[in-house]
Amino acid sequence: MNKTDLRMVPIGAAAWAGAAAGILGLHLSVVLVISAVSGALFLKCRKNIFIAFALILLTSFVLSGVRTNAKEEDPLAEAARNGSVIHAIVKISTDPEIATAKRNSESCRSLGTVERILEKGNPAAGSRVFLIASGEQQTSLCSQTVGSIIKVTAKARPAQRTQRQSAFLSVLK
């Protein structure tokens, strides 16, 4: 009977756990405790697995934390936290689609990348956004195709920490 080799399971678990901890914003001390406790369990198996586990866990934590913090420091994310209305040039990244909200109202939604914020001194180029349009703006957004570049005036709302977008943009015109 073949014996299953499970040596890479703790390494994979460490990578996923570290990335999740970084995205969720856990404190480094929590990750170190998790690393030490989990590593102690694997230490009984092999010392090399413990070292690899701890390094992978910490590396994936740091990398995902850096990525998440960079998104939160994005000027567009700051504008979203303030509920600002922005004027921007946005490149459509996904096919717009109709979605029905809880109150049976329809809206058009699409992902996009900010090419330029039209306010002076606000370099948010490259920010990923989630566009939402209803009413008259719904038809306009839904008629766009991937790669289209549009000018929008929108109210910026914050995205959740776990989302890749910097902000939600409710299109006003």
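Observations on the model:
- Residue-span extension gain [residue 116 to residue 172] - 0.36 nm each, minus C-alpha spacing: 18.4 nm
- Put simply, when 167-173, 80-86 are sorted by average Cβ atoms within 10 angstrom per residue, most first, you get 167-173, 80-86.
- Here the Karplus relation 6.51 cos²θ - 1.76 cosθ + 1.60, evaluated at θ = phi - 60°, turns the backbone of segment 142-149 into coupling constants of 5, 7, 7, 10, 4, x, 5, 10 Hz, with x for every Gly and Pro.
The numbers here are math on the coordinates, done by the rules we state, and not lab data. Please read all numbers here as calculations on a predicted model, not as lab measurements. All Cβ positions, even for glycine, are placed from backbone atoms using ideal geometry, and neighbour counts span all protein chains on display.
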